[in-house]
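A single structure is presented below for examination.
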């Protein structure tokens with residue numbers, strides 16, 4: 001699974017602390033509520049699930065290998 005350390009490798013945070021994924025994995029987050037000042041970690045929490053780790057391993061194996069994540 002993804003931890004905060006690996007999440008930071010696949011995205012960036014803005015000045016308000018909202019985390020956004022890089023373009024490589026952005027399609028996974030299409031149906032998830034976008035971060036706001038009230039809920040700044042909505043994408044990050046979704047990225048910490050086993051479901052996301054499995055999706056990355058299946059759809060972006062080179063990224064999964066680079067950040068050391070397996071399903």
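Hey, residue 58 hits all of (1) outside any helix (DSSP H, G or I); (2) surrounded by fewer than 11 Cβ atoms within 10 Å (Cβ to Cβ) but one; which does it fall short on?
(1)
Out of (1) without any contact (Cβ under 8 Å) to a residue 24 or more places away in the chain; (2) assigned to a loop (DSSP other than H, G, I, E, B); (3) out of contact with any helix residue (DSSP H, G or I) (no Cβ under 9 Å at 6 or more places or on another chain), what's the single condition that is false for residue 12?
(2)
Can I ask one more? For residue 2, which of the numbered conditions (1) under 10 Å from the mean Cα position of the chain (by Cα); (2) surrounded by 14 or more Cβ atoms within 10 Å (Cβ to Cβ); (3) at pLDDT 95 or above fails to hold?
(3)
Tell me whether segment 18-40 contains one or more residues that are surrounded by 15 or more Cβ atoms within 10 Å (Cβ to Cβ), without any contact (Cβ under 8 Å) to a residue 12 or more places away in the chain and either part of a helix (DSSP H, G or I) or out of contact with any strand residue (DSSP E or B) (no Cβ under 9 Å at 6 or more places or on another chain) (or both).
No, the conditions are met nowhere in segment 18-40.
Just one of the numbered conditions (1) surrounded by fewer than 17 Cβ atoms within 10 Å (Cβ to Cβ); (2) assigned to a helix (DSSP H, G or I) is not true of residue 53; which one?
Residue 53 satisfies every listed condition except (1).
State yes or no: is residue 43 in contact with a strand residue (DSSP E or B) (Cβ under 7 Å, 6 or more places away or on another chain), surrounded by 13 or more Cβ atoms within 10 Å (Cβ to Cβ) and not in a helix (DSSP H, G or I)?
Criteria not met by residue 43.
With (1) at pLDDT 95 or above; (2) out of contact with any strand residue (DSSP E or B) (no Cβ under 8 Å at 6 or more places or on another chain); (3) crowded, with 18+ Cβ neighbours inside 10 Å as the list, and residue 69 as the residue in question, which single condition is left unmet?
(1)
The values are calculated or read from the model by the stated rules, or taken from the named source; none is laboratory data. Since the structure is predicted, the reported quantities are computational estimates derived from the model, not experimental observations. Cβ: placed from backbone, ideal geometry, glycine included. Neighbour counts: every protein chain shown.
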